[in-house]
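Just so it is clear, none of the values below were taken in a lab; they were calculated from the coordinates. Just so it is clear, the model here is predicted, and its values are computed rather than measured. Every residue, glycine as well, gets a Cβ built from its backbone with ideal geometry; the counts of neighbours run over all protein chains shown.
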Amino acid sequence: MREPSAEPWSAALREPAVTGQRLVRAASTPEEEVTLELLRASIEKLAPRIDSSSIDRQGKIPDAVVEAARQAGLFALTIDEAHGGLGLSLKATTDVIERMARVDRSVAVMLGLHSGLGTRGLIRYGSAEQKARWLPRLAAGEDIASFAATEAGAGSDLMAVETCGVKVPGGLRVNGRKCYVTNGGFAGLYTILARTPDSGGPRAQSLLCIPRSSPGVQIGPEEDKLGIRGSSTITLDLEDVFVPDDAVLGEPGHGSDHCNHVLAWGRSLMSAGCLGIARAALTLSLGHVTTRRQFGRTLSAFPLVQAQCADMAAQIYAMESLVRLATDAESDPQRLELLSILAKVLCSEGAFLVADRSIQLHGALGFLESTGAPRLLRDCRITRIFEGANDVLLVRTGAALLASGKTDLPAALAPRIAPSLRDAAAACDALLQERQITIDAIRKGHGLSVMRKQAVLWALGQAEVCTGAAVASLLRGGADTDATNLALAEHAACMFTQQAGEQLAAAREPRNETRMQRAQALSDLLYAPYAPRTPSQNPRSRTRSQESPA
Ligand SMILES: Cc1cc2nc3c(=O)[nH]c(=O)nc-3n(C[C@H](O)[C@H](O)[C@H](O)COP(=O)(O)OP(=O)(O)OC[C@H]3O[C@@H](n4cnc5c(N)ncnc54)[C@H](O)[C@@H]3O)c2cc1C
């Protein structure tokens, strides 16, 4: 830890009204608001002592920072009070993670992973005995939680998980290798996704709790990463690890369903982290453009700079609005699952966009690590990949939309929106109608074969993310009276209504199909040199006697 100093995040922590933060209620009850206020104060106190640049360079969060987070109760957020936690709602927890991400994204990832993927399975599906066994130490931060689903051959496709638990007397014998395990280097408890063929056939999966101290658990070295370099990422080897029956979470054989719920929490908290990064990048940018002079005026006087700042702020407003809409659905797991995917895609893409624009507005200074801007970009890059690669989530969203023919987003906004937002709401209502017409037309025109047309599904998924952003901004702005917030809501709603309309048009566009056919033909040519060869064609697979002496 280091001595307090003035850093860019200190301005971001002061919640500039321009990003509308102040008027969003993150707490569900007055008691929760009190807890939240204490946590916000703790983060503000902790912030000057976190040296993000050093964490980034060293690739490690100092023990003193972990200890300070422990003391501040930051490992206890979502764990219920009966087990020593603070029992915060998902919405309130996103507020804490967002604030920590403004200070340091690696620390926010450690805490967010612990509160989301790491402990959610145990909190939601654990038995009373399992909770009593593990939660108190997790709440105190004496054990840190980790979640291991990904494997070398199972990333986006988690049904391909090979780690397997075979039935033995009293439990399972588990063998396998998990990779990219966040918090893995120092975690005390791992929730892992494994195949458990004895609980429902060869594809059945279960969530298992494995303490670090279990014989057969081996922790690999830390990965060297592009961003969130202070967070721990390791490979976890499981060799004949005995997992007793009472360490299986929820229903044996229902691991993939349980995983979806756990991921909905993880994605919500990750979205909050993206929000923190984007807000820090906007704060940096506003500070720069209002002071840097070129051509005899400050950059902020140029209309193009103004447009970029307005777009960045509106993007953040929409991101926050969608995170709030998603987390309001905490008690409705199916709705939360859907909305958390929209929020994850919007926030991860949005944070990257805002961080990139921030670098652009800084000019050469934006390329220098000393400004902190490059780190923000590097730290948020992974969010477009982990907890579901965005392209895969978009295709999935489009497919779900076509399968059900409807959505969880509310319709007919204009009648319940403040007068100053009525035009934006009317445009959004027209979009919602167009969306329904598009879905019906695609279903009718393509039939089931559309599920193989990824470009159509992807565009529909994009349209849904943008529609979610517009609707969430209007619902939030519609209940507001503050002039800045209303301007943000209007700009965000108009921006995303337009983008959603463009994506719907792309989904309907028959030329899209021609483009995909052209791309397929071209990629056949591009892939040809890399195609696996038969043994006689592949020089590497020749036997020693066949090898050329050269
Ligand atoms: C720093 C870090 C931390 C992580 N933490 C964890 C963790 O704590 N726990 C955990 O379990 N995992 C973790 N992961 C793993 C992460 O969740 C996976 O990397 C992610 O789900 C993507 O899987 P993959 O890397 O195998 O990519 P792949 O599945 O190989 O996909 C690569 C790319 O191919 C494309 N693609 C894939 N499938 C399709 C498709 N069907 N249609 C169109 N395009 C497609 C997409 O562009 C995708 O981005 C972490 C990874 C990193 C880098």
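The table below gives the values:
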{"quantity": "Normalised alpha carbon radius of gyration of the stretch 360-510 [divisor 2.2 N^0.38 Å]", "calculated": "1.22"}
{"quantity": "For the stretch 155-229: rounded, prolate or oblate by the Cα gyration tensor [a/c cutoff 1.5]", "calculated": "oblate"}
{"quantity": "Residues whose placed amide H lies under 5 Å from that of F147, excluding near-sequence neighbours", "calculated": "T182, T191"}
{"quantity": "Relative contact order, percent, the chain [alpha-carbon distance under 8 Å, six or more residues apart]", "calculated": "12 percent"}
{"quantity": "Farthest positive-ward along the chain dipole, Cα basis, beta-carbon charges - from A459, G273, S420", "calculated": "A459"}
{"quantity": "Debye log10 I(q)/I(0) for the chain, one point scatterer per Cα, at q = 0.08, 0.10, 0.11 Å⁻¹", "calculated": "-0.56, -0.87, -1.04"}
{"quantity": "Projected-area average for the stretch 39-130 over all orientations - Cα convex hull basis, square nanometres", "calculated": "6.0 nm²"}
{"quantity": "For q = 0.19, 0.23 Å⁻¹, Debye-computed log10 I/I(0) when each Cα of the stretch 450-520 counts as one equal scatterer", "calculated": "-0.72, -0.89"}
{"quantity": "Point-charge dipole on Cβ atoms (K/R +1, D/E -1) for the chain, about Cα centre, debye to 20", "calculated": "1360 debye"}
{"quantity": "Where Rh is the Kirkwood radius over Cα pairs, Rg/Rh for the stretch 324-409", "calculated": "1.12"}
{"quantity": "Shape of the stretch 50-197, Cα gyration tensor, a/c cut at 1.5", "calculated": "oblate"}
{"quantity": "Environment charge of G170, counting only residues whose C-beta is closer than 12 Å and scoring Lys/Arg +1, Asp/Glu -1", "calculated": "0"}
{"quantity": "Cα-based Kirkwood hydrodynamic radius, the stretch 293-350, one decimal, Å", "calculated": "13.2 Å"}
{"quantity": "Förster-model FRET efficiency, 41 Å R0, R292 and L522, C-beta, rounded to 0.05", "calculated": "0.40"}
{"quantity": "Net length gained if the chain between D246 and A160 were fully extended (0.36 nm per residue, minus Cα distance)", "calculated": "28.5 nm"}
{"quantity": "Overall form of the stretch 208-363 per C-alpha gyration tensor (a/c, 1.5; a/b vs b/c)", "calculated": "oblate"}
{"quantity": "Virtual spin-label span in nm between A41 and R396, 7 Å along Cα→Cβ", "calculated": "4.1 nm"}
{"quantity": "Value of relative contact order over the stretch 145-195, rounded to a whole percent, pairs C-alpha under 8 Å and six or more apart", "calculated": "52 percent"}
{"quantity": "Size descriptor, Kirkwood hydrodynamic radius, that averages inverse alpha-carbon separations across the stretch 226-313, Å", "calculated": "18.1 Å"}
{"quantity": "Among 468-475, 140-147, 62-69, 235-242, the order from most to least packed when residues are scored by Cβ within 10 Å on average", "calculated": "468-475, 140-147, 235-242, 62-69"}
